[in-house]
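S.K.: Dropping the structure in here first, questions after.
The values are calculated or read from the model by the stated rules, or taken from the named source; none is laboratory data. Predicted, not measured: the structure shown is a model, and the values here were computed from it. Cβ placement follows ideal geometry from the backbone for every residue including glycine, while neighbour counts extend to all protein chains displayed.
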Amino acid sequence: MSQIRDASLAAEGWKKIEWVRKYMPVLTSIKKEFEKDKPFKDIKIALSIHLEAKTAYLCETLAAGGAEMYVTGCNPLSTQDDVAAALAEKMVVHAWHDAKPQEYEEHIRQTVKVGPAIVIDDGGDLVTMLHREFPELCSKVIGGCEETKTGVNRLISMDKEGALKFPMIMVNNARTKFLFDNRYGTGQSVWDGINRTTNLLVAGKTAVISGYGWCGKGVAMRAKGMGARVVVTEVDPVCALEALMDGFSVMPITKAAEIGDIFVTTTGCRDIITEKEFYKMKDGAVLCNAGHFDVEVDVSTLKKIAVESFDQKKNIRGYKLSNGRQLSVLSEGRLVNLASGDGHPTEIMDMSFAVQALSARLLVTKGVTQKINAVPEEIDREVALKKLGFEGYRIDTLTDAQKTYLNSWNV
């Protein structure tokens, strides 16, 4: 039985799902293949991804392939209750918005205890709980797919320690995922979340972006496009140099704290903005996070040192410091693009979730041999070619002579 907030919201949820269907032609084409071939017949799939409309359509696609779906969220604030209600009419759902920590854990627990054969995770919480609390069920798992860099890092750590008990495919590392989802998806959706929540002008402000990986690149690019002065903070000298040559200022976070108006963390690490930075910030500085977990902006310490805290408006909490300055934190320091928005644009997730679906099919049709596995190049190519085709574009192909030339040393 599902655990959702309000079943009466289902009609609104279906409207959202119907909307995204129209803009996800790649996933729709895969869904049609699944309906015909039934690759997941009689297979239980446990899925933990941000539960909004695009994720719901991925769940429908997998169910069309015969899967018995068990679904939960991967972040306490990113579940949309109307979408969860809609999906619960077709499959088992354990999720609601603003779940307390114990509720969030219980939702994942109920999802994994069914003994899935396939797991699809975003951030690693589902896989981690399966290993910690239900090790006896790990032998039933054929394999799984991981959506995001944070989860990939956790899985690599597990594998190095010899703790990972079943194979996983690193979906985040597919080119049709990170080059588009992390850069264009995060870049647009982060500012969508910030803008719809704050309703403040970006042009003329100083935006401080911590981290210049693919997510940071996207956020910085969009900030520049809206007229902000962009400052990048980094620990990797190569990434810092790249930011510099892309036209951005580069400096340590302690210095950037003094001049920033809007701060966005995109590192996947913890303690990026801490107490020493808080006291240096301007009155009215806005802080938010685009990393998976709520540890990049040290909100717990901010709560302790604030002389006063209060809700300023929906998804914004103000903290007044002893120096008289006030800081504004969006979405409790959680993923601002999902906690304060609808996540990545639909057309972007069309590719990311197509990779998820095809990788899941690979696990049950061909299997994989390693504990940590890359997405095969043929899946990347298939998704990219489908996307180009639906956009109305064609590309060249190599001739036999060109293939021979590229694969020969004696030219």
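S.K.: For the structure I just gave you, tell me whether TYR23 is among the aromatic types (Phe, Trp, Tyr) and assigned to a strand (DSSP E or B). Break it down into steps so the answer makes sense when it comes.
M.R.: Numbers: among the aromatic types (Phe, Trp, Tyr): yes; assigned to a strand (DSSP E or B): no.
So TYR23 does not fit the description; no.
S.K.: State all residues of region 385-411 that are among the polar types (S, T, N, Q) and either in contact with a helix residue (DSSP H, G or I) (Cβ under 9 Å, 6 or more places away or on another chain) or assigned to a loop (DSSP other than H, G, I, E, B) (or both); if no residue qualifies, say none.
M.R.: Passing the criteria: THR397, THR399, ASN407, SER408, ASN410.
S.K.: Still on this model: Restricting to region 269-306, name every residue that is aliphatic (A, V, I, L, M) and farther than 14 Å from ARG325 by Cβ.
M.R.: ILE272, ILE273, ALA290, VAL295, VAL297, VAL299
S.K.: A follow-up question, please. Quick check on PRO76: is it within 22 Å of GLY13 (Cα to Cα) and touching a residue at least 12 places away in the same chain (Cβ under 8 Å)?
M.R.: Against the criterion (within 22 Å of GLY13 (Cα to Cα) and touching a residue at least 12 places away in the same chain (Cβ under 8 Å)), PRO76 qualifies.
S.K.: Continuing with the same structure: Name every residue in region 21-57 that is more than 17 Å from VAL383 (Cα to Cα), surrounded by fewer than 24 Cβ atoms within 10 Å (Cβ to Cβ) and in contact (Cβ under 8 Å) with a residue 60 or more places away in the chain, in order of residue number.
M.R.: Answer for region 21-57, where residues must be more than 17 Å from VAL383 (Cα to Cα), surrounded by fewer than 24 Cβ atoms within 10 Å (Cβ to Cβ) and in contact (Cβ under 8 Å) with a residue 60 or more places away in the chain: PRO39, ILE43, LYS44.
S.K.: If you don't mind, another one. Those residues that are among the β-branched types (Val, Ile, Thr) and either part of a helix (DSSP H, G or I) or in contact with a Pro (Cβ under 8 Å, 6 or more places away or on another chain) (or both), I need them from region 1-18; list them, please.
M.R.: ILE17
S.K.: Now for a separate question. May I ask you to verify whether THR233 is within 27 Å of LYS280 (Cα to Cα), β-branched (Val, Ile, Thr) and in contact with a Leu (Cβ under 7 Å, 6 or more places away or on another chain)?
M.R.: When the stated conditions are applied, THR233 does not pass them.
S.K.: Can you name the residue in region 295-304 that is of a type in the set (D, E, K, R) and touching a strand residue (DSSP E or B) at 6+ places or on another chain (Cβ under 8 Å) and, of all such residues, is surrounded by the fewest Cβ atoms within 10 Å (Cβ to Cβ)?
M.R.: Going residue by residue through region 295-304, those that are of a type in the set (D, E, K, R) are 296, 298, 303-304.
Then drop every residue that is not touching a strand residue (DSSP E or B) at 6+ places or on another chain (Cβ under 8 Å), which leaves 296, 298, 303.
Working: GLU296: 28, ASP298: 21, LYS303: 12.
My answer is LYS303.
The rows are residues; the columns are (1) touching an Asp or Glu at 6+ places or on another chain (Cβ under 6 Å); (2) crowded, with 22+ Cβ neighbours inside 10 Å; (3) closer than 26 Å to ALA339 by Cβ.
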site	(1), (2), (3)
ILE262	no, yes, yes
THR266	no, yes, yes
THR274	yes, no, yes
PHE278	no, yes, yes
ALA290	no, yes, yes
GLU308	no, no, yes
ASP311	no, no, yes
ILE316	no, no, yes
LEU321	no, no, yes
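S.K.: Kindly indicate the residue of region 356-400 that is aliphatic (A, V, I, L, M) and farther than 20 Å from LEU155 by Cβ and also surrounded by the fewest Cβ atoms within 10 Å (Cβ to Cβ) among those meeting that condition.
M.R.: Going through the qualifying residues, I end up with ILE395.
Rundown of residues vs (1) more than 16 Å from the chain's Cα centre (by Cα); (2) at pLDDT below 95; (3) under 18 Å from SER352 (Cα atoms), yes/no style:
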| site | (1), (2), (3) |
| --- | --- |
| MET24 | yes, no, yes |
| GLU33 | yes, no, yes |
| PRO39 | yes, no, no |
| GLY73 | no, no, yes |
| GLN80 | no, no, no |
| ALA84 | yes, no, no |
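S.K.: Sticking with this one: Scan LEU9, LEU62 and give me the residue that is crowded, with 20+ Cβ neighbours inside 10 Å and either closer than 17 Å to THR365 by Cα or touching a residue at least 12 places away in the same chain (Cβ under 8 Å) (or both). Let's see the steps before the verdict.
M.R.: Working: LEU9 fails: crowded, with 20+ Cβ neighbours inside 10 Å.
After ruling out the rest, the residue left standing is LEU62.
S.K.: Considering each residue of region 240-254, count those that are of a type outside the set (A, V, I, L, M) and surrounded by 16 or more Cβ atoms within 10 Å (Cβ to Cβ), and give that number. Steps first, answer last, please.
M.R.: Of all residues in region 240-254, those of a type outside the set (A, V, I, L, M) come to 242, 246-249, 252, 254.
Subsequent filtering for residues that are surrounded by 16 or more Cβ atoms within 10 Å (Cβ to Cβ) retains 242, 248-249.
Of the residues in region 240-254, 3 are of a type outside the set (A, V, I, L, M) and surrounded by 16 or more Cβ atoms within 10 Å (Cβ to Cβ).
S.K.: Among the residues of region 323-339, are any of a type in the set (Lys, Arg), surrounded by 15 or more Cβ atoms within 10 Å (Cβ to Cβ), out of contact with any Leu (no Cβ under 7 Å at 6 or more places or on another chain) and not in a strand (DSSP E or B)?
M.R.: Within region 323-339, the subset of a type in the set (Lys, Arg) is 325, 334.
Now restrict to residues that are surrounded by 15 or more Cβ atoms within 10 Å (Cβ to Cβ): 325, 334.
Now restrict to residues that are out of contact with any Leu (no Cβ under 7 Å at 6 or more places or on another chain): 325.
Going one step further and asking which of them are not in a strand (DSSP E or B), we end up with 325.
Yes, region 323-339 contains a residue that is of a type in the set (Lys, Arg), surrounded by 15 or more Cβ atoms within 10 Å (Cβ to Cβ), out of contact with any Leu (no Cβ under 7 Å at 6 or more places or on another chain) and not in a strand (DSSP E or B).
S.K.: Oh, and also: Restricting the search to region 87-101, which residues are part of a helix (DSSP H, G or I) and farther than 14 Å from LEU9 by Cβ?
M.R.: Applying the first criterion (part of a helix (DSSP H, G or I)) to region 87-101 yields 87, 101.
Within region 87-101, just PRO101 meets the criteria.
S.K.: Residue under question is ASP236, and the condition is that it be of a type in the set (D, E, K, R) and either surrounded by fewer than 19 Cβ atoms within 10 Å (Cβ to Cβ) or assigned by TED's automatic domain parsing to the domain that holds LEU358 (or both); does it hold?
M.R.: Answer is yes for this residue.
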